[in-house]
Each structure stands twice: as structure tokens, then as C-alpha cells.
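Notes to accompany the following structure.
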Amino acid sequence: MTNDPVRIGFLGTGFIATYHSKSLKRGGAHIVRAGAYDPDADRAQAFCLASGHTMCASEDEVIASADAVYVCTWTSEHKRLVGKVIAAGKAVFCEKPLSPTLAEAEQLVSEVNASGVINQVGLVLRHAPSYLWARELIAEKKSGRVMNVVFRDDQFIPIQSYYASDWRKDASRAGAGTLLEHSIHDVDMLHFLIGTITDTSMRSHNFHGHPGIEDSVSATLQFANGAVGTLSSIWHDNLTRPSQRSVEIFCENRTITMRGHEWFGPVEWHDSDGVTGSLGADELLTRTEPLAYGASNADVAFVHAVSTNTAAYPDVNVALQAHRTVDAMYRSAVDQGRNVSISD
Ligand SMILES: NC(=O)c1ccc[n+]([C@@H]2O[C@H](COP(=O)([O-])OP(=O)(O)OC[C@H]3O[C@@H](n4cnc5c(N)ncnc54)[C@H](O)[C@@H]3O)[C@@H](O)[C@H]2O)c1
């Protein structure tokens with residue numbers, strides 16, 4: 001354990017790098033702003049001016065300047081850059097998805113595990129108060145077993161508006177469309193809330209016509225504990241709906257509904273004995289702070305893990321489980337919805 005501030009570097013200075021940078025500030029993380037690099041020099045300059053990072057001329061310069069590096073580039077660059085960071089023995093925060101393909105994600109995970117560096121992945125909903133609370137409600141004995149889950153996620157296709165990202169319509173950089181790029185979060189939350197998914201069947205379609213970028217997906221899911229469920233993920237053109245998640249969880253004696261803000265709720269529940277409840281905003285934050293791994297702010301938790309030399313969460317192994325499920329879903333869709341076992 002050291003009291004020294006953690007020197008943080010950034011590779012990629014776009015949308016999500018800006019989110020993490022602001023989150024570090026908001027959370028009062030004990031850091032020094034080290035190097036940042038982006039081949040888009042205008043972007044890098046704007047990011048550095050706003051955040052106080054030093055604009056670097058190369059990836060290597062950033063890695064040399066830092067104790068821990070955020071990899072916030074488009075997806076196809078993650079594996080190569082994570083490889084560089086771990087080769088230098090530095091801690092790494094890698095954005096999701098880990099890579100465009102399962103094979104690359106598996107390779108990345110095995111390299112990170114072999115290196116032993118502290119690592120965290122941008123599956124940030126694992127720190128979100130609403131999901132932490134829903135998990136508590138499910139775990140309560142009086143709920144009974146989970147029978148069914150309905151998870152729906154719709155977002156405007158993020159190649160427009162404030163995302164303005166060309167790479168999300170390019171399968172060589174993004175890997176695929178709404179399921180891998182966006183709803184890998186949802187698959188991860190289904191694991192987090194309900195448990196291991198053993199089998200899936202999926203149908204998908206590509207309305208926008210960008211090759212390899214599916215924009216409408218429906219999957220049925222079988223969980224190891226007997227629960228069943230569905231996931232729908234849509235990229236549409238309704239700019240007034242940036243990212244809207246709606247989750248209903250049906251237990252034997254409790255129904256849990258999440259239709260509000262994905263972070264601040266409210267989470268609502270309705271029990272067989274007539275008890276109903278709703279928790280959101282400040283009270284939700286206070287009640288779930290002790291449930292979050294490290295801190296409810298994922299970036300503060302990462303910095304804390306680095307400065308105390310302890311494991312960060314969620315790490316690449318957590319992300320790999322979501323990648324394996326997503327890959328099975330895509331294999332099912334290619335085969336017109338054939339059932340695919342995740343262990344296949
Ligand atoms: N966790 C989340 O909720 C979340 C949200 C949005 C995006 N993401 C993920 O974050 C990643 C980036 O998404 P974004 O929305 O910030 O995209 P973005 O287009 O806003 O930014 C990506 C930046 O990476 C830069 N870049 C490309 N190659 C680089 C390299 N070798 N070195 C340094 N910079 C490089 C690009 O020039 C671009 O500025 C994606 O993998 C995306 O899936 C995660």
C-alpha cells in the first residue's frame with residue numbers, strides 16, 4: 001500500500017475516455033494526470049486541455065508516464081494495446097468489449113492472467129446502484145427462485161449525435177453490432193443478476209445495412225438454475241432515446257421492475273404478501289454503497305485497487321463469460337435460431 005497518487009494514462013481520448021476522466025474527478029480519485037495519446041490530435045488536445053493530462057506523441061510515451069493505463073480506443077485496438085501495457089508491467093483498465101472476436105478476447109484474457117497485472121474492464125453496470133439493489137432483492141429468501149427475466153435495451157445507433165463514431169458501422173473495428181458493442185453490458189447483467197446462461201437461441205436482423213452490424217436482436221436464454229428469459233437489443237434512429245433499459249425479474253414470490261435511470265433507479269418490487277417497495281436516487285446510493293466492490297464509482301474502485309495492490313473488479317475473466325455467451329448467440333443467429341449450448 002502506498003499513499004502516492006496513481007499516475008493515470010489514457011490511450012484513446014474520445015467519448016468513453018472523457019467519461020472516465022470526469023468520473024475520476026467527480027469521485028475525488030487520488031491520481032496524477034499522466035500522458036494521453038490519440039492519433040486524432042485535435043481530440044487529444046481538447047481532452048488534455050480539459051483534463052490536465054499531458055499530450056503524448058505515442059502510445060509508448062503514455063505507458064512510460066503512467067502506473068495504470070485506460071485503453072479507450074475502438075474495439076479492434078484493445079488487444080494490441082493491452083498487450084503493450086501489460087508488457088510494461090502496468091495496471092490496465094480495458095473498455096468493453098475486450099475484442100471483436102471471442103478468439104481474440106480469449107487470447108487477451110490468457111495474456112493478462114499470465115502477466116498478473118491488476119486489471120479492470122468497463123462493464124460498469126456491476127457498480128451501478130440499481131443493479132446492486134436488484135441483486136439484493138433477488139437474493140432475499142422470501143423472493144423464492146427466479147422464474148423468468150425480460151431484458152430490453154434500445155438505443156439510437158451510436159454512429160450519430162454525440163457519439164458520432166464511424167467505427168461503429170465498420171465490423172473490422174467494432175466486431176459486430178448492437179449485441180456485442182452495446183448489449184454485452186446486458187448479457188453481463190443477466191449473469192450478475194440471474195446466473196450462468198447454459199443455452200441460447202437468437203434471431204437478428206440488419207436494418208441499417210452496414211455489413212456485419214446487426215441492429216435488431218432477440219434471444220431466448222436458459223439459465224443453469226432453471227430460470228428462463230429473453231433479451232431484446234435494438235439500434236434505431238429515434239434520437240430522443242439514447243439508451244433505455246427495461247428489466248423485469250419474476251421470482252416465485254416477488255416481481256422486480258427496473259424502468260428508471262440505469263444508475264439511480266428507481267427499482268420497484270411487488271411481493272406475494274402484498275408488500276411493495278421502491279428505492280431510487282440518494283437513498284438507493286446510500287443503501288448500495290456497502291454492496292459495491294471497492295466503491296460505487298468504478299474508476300475510484302480501480303484506482304484504489306492499484307494503490308493498494310489488490311484485485312480490481314470486474315476483471316477480464318468476468319468479461320470473458322459475457323463474450324462466450326455473446327458468441328454463442330451469434331452462432332445461433334447464423335443458424336436461424338438453432339439452440340446453442342454455451343459450453344459447445
Ligand atoms: N463502458 C461503456 O459503457 C462504454 C460506453 C461507450 C463506449 N465504450 C467502449 O469504449 C471504446 C471507445 O468508444 P468511444 O465511444 O469512446 O469511441 P470514440 O470514437 O469516441 O473514441 C475512440 C478513440 O480511439 C482513438 N484511437 C483509435 N486507435 C487508437 C490508438 N491506437 N491509440 C490511441 N487512440 C486510438 C480514436 O482516434 C478515437 O478518438 C469502445 O470499445 C466502446 O465499445 C464503452
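Spacing of the modelled spin labels on residue 110 and residue 252, each 7 Å from Cα toward Cβ, amounts to 4.2 nm. Computed log10 I(q)/I(0) for segment 91-233 at 0.14, 0.19, 0.21 Å⁻¹: -0.79, -1.28, -1.39, from the Debye equation with unit scatterers placed on every C-alpha and solvent omitted.
Starting from the exponent 0.38 and prefactor 2.2 Å, build the expected Rg for segment 210-302 from its residue count and divide its actual Cα Rg by it.
The value comes to 1.36.
Relative contact order of segment 133-183, taken over Cα pairs closer than 8 Å and 6 or more residues apart, is 17 percent.
Overall, the anisotropy analysis places segment 111-186 in the oblate class: the square-rooted eigenvalues a ≥ b ≥ c of its C-alpha gyration tensor yield a/c not less than 1.5, with a/b not exceeding b/c. Distance between the pseudo-spin-label points of residue 164 and residue 336 (7 Å out from Cα toward the beta carbon): 4.5 nm.
Extension gain for residue 141-residue 58 works out to 24.5 nm (0.36 nm per residue, less the C-alpha to C-alpha distance).
One decimal place: the segment residue 273-residue 150 gains 42.0 nm when fully extended, by the rule 0.36 nm per residue minus the C-alpha distance. Taking the chain as a Gaussian network of alpha-carbon nodes connected by springs under 10 Å, the highest mean-square fluctuation of the residues 148, 297, 238 belongs to 238.
Give the shape of segment 2-151 as rounded, prolate or oblate, defined through the alpha-carbon gyration tensor: a ≥ b ≥ c are the square roots of its eigenvalues, a/c under 1.5 means rounded, and otherwise the shape is prolate if a/b is larger than b/c and oblate if not. Prolate, since a/c reaches 1.5 and a/b exceeds b/c.
Want the number for residue 49 to residue 208: 0.36 nm per residue separation, take away the alpha-carbon distance, what's left?
This chain segment gains 53.6 nm when fully extended.
Hydrophobic, long helices, defined as DSSP H runs whose alpha-carbon span along the helix axis is 24 Å or greater and whose mean Kyte-Doolittle value is at least -1.0, occur in the chain at 316-334. Reported value for the chain: 133 Å³ per residue, from the convex hull of its C-alpha atoms.
Values in this text are rule-based calculations from the coordinates and carry no lab data. Since we're looking at a predicted model, the values are computed, not measured. Cβ: placed from backbone, ideal geometry, glycine included. Neighbour counts: every protein chain shown.
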